[in-house]
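Undergrad: I have a structure here, written as structure tokens, and I will follow up with some questions on it.
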Amino acid sequence: MKSKIRYSVIVPMYNEEAVIQETCLRLKSVMNRTGETYELIFINDGSRDRSAEIIREHNYWDPTIKLIDFSRNFGHQIAITAGMDYAAGDAVIIIDADLQDPPELILEMIPKWQDGFEVVYAKRTKRNGESKFKKWSASLFYRVLKASTDVPIPVDTGDFRLMDRRVVNELRRLPENNRFVRGLVSWVGFRQTALEYERDERTAGETKYPLKRMIKLSLDGITSFSFKPLKLAGYLGSMLSGSGFLYFIYVLYMAFFTDVTMRGWPSIIGVLLIFNGFILLMLGVLGEYIGRIYDETKGRPLYIVRDSYGIASQDWPAGQREKPL
């Protein structure tokens, strides 16, 4: 009879050839110390280097190492979602392949899970090897998100976490396309606790979250969990309309009750620029929300799997919303 898997480790990867060998070795070393059954599920998110080939070679002689190979790059959050779809463990651990999040911390997460916590997330106290701008922008994003939503999303946390099977099953019921996984984990609730650590510098390779992807992730987080930008448009619109009305009263007063000539061109141009800029800004905010509504109505699958290694049909977990493609 096939033994039940205790831990599933999800490792999304994108062009991690320089570090993936070391990632495998460290994860194997950590999970072997648990003394229980486990699987390492690597999701190749459209890598253009030898990342997938290296994992395939490992899978040939080690059945605990498995690979999901996407047909193209679908994004980090979708890769995590695919890993949860295929994971069969009682506890599911998400960790990036770049080793900035130390795999050894998993051994500290497990006791907290065994104590009854259903989510154990890693909270960064220090971010080594990152630029001041990235640290500042990340800190600003988390605090803006916290102020914008009623969902208590922890600040200074990434996707590195351990989740109970019940939490994963609930996450897999959420079908949205523009996913912000750490926000969804907070939204589903359950007992959650933090584990503080210092994030390491990358051992090799380059960041897979440049400014463009960071902005996309930020927009996904804010638009998925907050309507306050839309409400802000109403508040600012009311303020500007009130200011415009007061200015109109002032112009009438100066025209009828004083001898001052109202030349007006600079002030009119200034007011027009303010109002038109505000309108375009709010159209952009509305466009972000409408674009996400459009994505949801298409009904396309979140990802397409070109091939998988080490994962048979009987490995699909019970209760999955549909079979992976």
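The values are calculated or read from the model by the stated rules, or taken from the named source; none is laboratory data. Quantities reported herein were computed from a predicted structural model and do not represent experimental measurements. Glycine also receives a Cβ, built like all others from the backbone with ideal geometry; neighbour counts cover every protein chain displayed.
Undergrad: Here is a check on your reading of the model: is Ile68 within 25 Å of Glu198 (Cβ to Cβ) and modelled with pLDDT of 90 or more?
TA: Numbers: within 25 Å of Glu198 (Cβ to Cβ): no; modelled with pLDDT of 90 or more: yes.
It is false that Ile68 is within 25 Å of Glu198 (Cβ to Cβ) and modelled with pLDDT of 90 or more.
Undergrad: Answer yes if at least one residue in segment 12-22 is assigned to a helix (DSSP H, G or I) and buried (at least 24 other Cβ atoms within 10 Å of the Cβ), and no otherwise.
TA: Yes, the conditions are met somewhere in segment 12-22.
Undergrad: Return yes when Ile80 is buried (at least 21 other Cβ atoms within 10 Å of the Cβ) and part of a helix (DSSP H, G or I) and no when it is not.
TA: Judged against the criteria, Ile80 is a match.
Undergrad: Does Ile41 satisfy the criteria of being among the hydrophobic types (A, V, I, L, M, F, W, C), under 24 Å from the mean Cα position of the chain (by Cα) and at negative phi? Give the steps one after another, and end with the answer.
TA: Working: among the hydrophobic types (A, V, I, L, M, F, W, C): yes; under 24 Å from the mean Cα position of the chain (by Cα): yes; at negative phi: yes.
Yes; evaluated as a whole, the condition is true for this residue.
Undergrad: Still on this structure: Do any residues in segment 174-187 that are farther than 15 Å from Ala79 by Cα have Cβ atoms under 7 Å from those of residues that are polar (S, T, N, Q), where the two are at least six apart or on different chains, and which pairs are they?
TA: Gly183/Ser224
Undergrad: Tell me which of these Lys132 doesn't satisfy, since it passes every other one: (1) within 19 Å of Asp96 (Cα to Cα); (2) at pLDDT below 75.
TA: Among (1) within 19 Å of Asp96 (Cα to Cα); (2) at pLDDT below 75, the lone unmet condition for Lys132 is (1).
Undergrad: Going by the conditions given, is Ile55 of a type in the set (A, V, I, L, M), touching a strand residue (DSSP E or B) at 6+ places or on another chain (Cβ under 7 Å) and part of a strand (DSSP E or B)?
TA: no
Undergrad: Another one. Being surrounded by fewer than 18 Cβ atoms within 10 Å (Cβ to Cβ) and not in a loop (DSSP other than H, G, I, E, B) is the filter here, so list the residues in segment 58-77 that pass it. Walk me through it before giving the result.
TA: Step one: filter segment 58-77 for residues surrounded by fewer than 18 Cβ atoms within 10 Å (Cβ to Cβ), giving 60-63, 71-73.
Matches in segment 58-77: Tyr60, Trp61.
Undergrad: Considering only segment 21-42, how many residues are touching a residue at least 40 places away in the same chain (Cβ under 8 Å) and in contact with a strand residue (DSSP E or B) (Cβ under 6 Å, 6 or more places away or on another chain)?
TA: Summing the residues that are touching a residue at least 40 places away in the same chain (Cβ under 8 Å) and in contact with a strand residue (DSSP E or B) (Cβ under 6 Å, 6 or more places away or on another chain) in segment 21-42 gives 6.
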